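What follows is a single structure, written as structure tokens, with notes after it.
Bear in mind that the values in this text are calculations on the coordinates, not laboratory data. As the structure is a prediction and not an experimental result, all values here were calculated from the model. With ideal geometry, Cβ positions are generated from the backbone for all residues, glycine too; neighbour counts draw on all protein chains shown.
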Amino acid sequence: MVKVLVAGFKGRMGNTTVQMVLEHEGFDLVGVFDPMASEKNLNENPAYSQTDVPVFTNLANIKTDAEVWIDFTRPTSVFENTKFALEHGISPVIGTTGMTDDQVKELQALAKEKQVGGLIAPNFGISAVLLMQFAKQAAKYLPDVEIIEMHHDNKLDAPSGTALNTAKMIAEVRKEHYQGNPDEKETLPGARGANYEGMRIHAVRLPGYVAHEQVLFGGKGEALTIRQDSFDRISFMSGVAVATEKIRNYSELMVGLENIL
Ligand SMILES: NC(=O)c1ccc[n+]([C@@H]2O[C@H](COP(=O)([O-])OP(=O)(O)OC[C@H]3O[C@@H](n4cnc5c(N)ncnc54)[C@H](O)[C@@H]3O)[C@@H](O)[C@H]2O)c1
């Protein structure tokens with residue numbers, strides 16, 4: 001049994017993760033963490049009345065024998081949470097997006113020093129992992145690319161971690177270059193979107209959406225669009241479960257679910 005702590009359990013993804021961990025026969029939920037919680041034990045919540053699991057509301061007070069720390073929290077807290085997990089020998093499985101490259105590098109160095117395996121996955125959905133791989137392949141032949149990501153209107157960070165990761169993966173095979181007319185002018189600021197090495201990234205926020213992405217490639221007289229849709233948060237759970245099962249076999253902090261599939 002893998003002992004698991006879920007951080008951000010009061011949130012949309014955290015709540016779905018708690019249900020997955022409780023239903024998974026190989027996982028043992030040993031703690032949940034969320035500063036917004038008012039209960040001391042999960043069993044105070046009518047939905048989990050048979051589940052005796054301690055609730056933590058403050059990072060400094062967490063005492064746990066958890067082996068894996070699953071994190072779906074906030075861009076402002078994920079760095080400290082991951083650092084805490086690594087320092088306590090707990091393998092982080094991080095779904096929270098919005099960390100800077102420098103923060104990720106610092107955490108990777110810490111994981112190496114502590115010899116603790118961990119995973120940061122901007123997207124745990126298989127359709128998104130495949131989209132990123134297909135997009136990287138296509139960009140070798142069609143290097144003019146724009147990305148449109150679409151999310152629910154409660155999302156805090158923009159562009160999405162998946163869109164940024166898609167751009168980074170494409171940048172591994174695409175030479176940085178300017179796209180569009182060199183003389184173009186934005187008559188409304190932001191109209192052309194964010195700029196990653198010349199690729200434009202557009203972030204849509206609308207109620208009703210969950211998580212969706214399109215990568216558009218244009219060539220002479222042709223175009224290719226690759227699209228993925230996550231309609232339900234349950235779609236991320238098989239990826240989270242695989243990471244939770246396997247992550248203790250590693251001794252470094254990796255970025256991207258594809259590293260462990
Ligand atoms: N990797 C993926 O596949 C994937 C999929 C969906 C969402 N996400 C990301 O997961 C994160 C959470 O998304 P959500 O929709 O569940 O958000 P949410 O706002 O519904 O939930 C976040 C929860 O974190 C809690 N929280 C705040 N500070 C905390 C801290 N210091 N420690 C622990 N918990 C804390 C909040 O109280 C809240 O309950 C976002 O960054 C989102 O982009 C990732």
Pairs, please: C-beta under 7 Å, at least 6 apart or cross-chain, first residue closer than 18 Å to residue 240 by Cα and in region 59-76, second part of a loop (DSSP other than H, G, I, E, B) and among the small types (Gly, Ala, Ser)?
-> 71/8; 71/95; 72/8; 72/11; 72/95; 73/8
When both residues are 6+ apart or on different chains and their Cβ atoms are under 7 Å apart, which pairs have a first residue that lies in region 37-58 and is outside any helix (DSSP H, G or I), and a second that is acidic (Asp, Glu)?
-> 41/52; 45/39; 55/39; 57/34
Of the residues that sit in region 79-100 and are of a type in the set (Val, Ile, Thr), within 11 Å of residue 120 (Cα to Cα) and more than 7 Å from the ligand (Cβ to nearest atom), which one is farthest from the chain's Cα centre (by Cα)?
-> 82
Got a sec? Which of 104, 18, 116 is away from the ligand (no atom under 15 Å from the Cβ) and either surrounded by 14 or more Cβ atoms within 10 Å (Cβ to Cβ) or assigned to a strand (DSSP E or B) (or both)?
-> 116
Say we look at region 21-36 and pick out the residues that are part of a loop (DSSP other than H, G, I, E, B) and either closer than 18 Å to residue 71 by Cα or touching a residue at least 60 places away in the same chain (Cβ under 8 Å) (or both); which of these is farthest from the ligand (Cβ to nearest atom)?
-> 26
Residues of region 76-97 classified as in a helix (DSSP H, G or I), aliphatic (A, V, I, L, M) and out of contact with any Lys or Arg (no Cβ under 7 Å at 6 or more places or on another chain), total | 2
Subset of region 1-15 that is assigned to a loop (DSSP other than H, G, I, E, B) and surrounded by fewer than 24 Cβ atoms within 10 Å (Cβ to Cβ) - its residue that is nearest to the ligand (Cβ to nearest atom) | 11
Scanning region 142-152 residue by residue, the ones that are more than 11 Å from the ligand (Cβ to nearest atom) and part of a loop (DSSP other than H, G, I, E, B) total 3
Considering only region 79-115, how many residues are out of contact with any strand residue (DSSP E or B) (no Cβ under 6 Å at 6 or more places or on another chain) and of a type outside the set (D, E, K, R)?
-> 15
Strands (runs of 3 or more DSSP E) lying entirely in region 167-261 (those with 1 or more residues that are touching a residue at least 40 places away in the same chain (Cβ under 8 Å)) | 199-205, 211-219, 222-230, 253-255
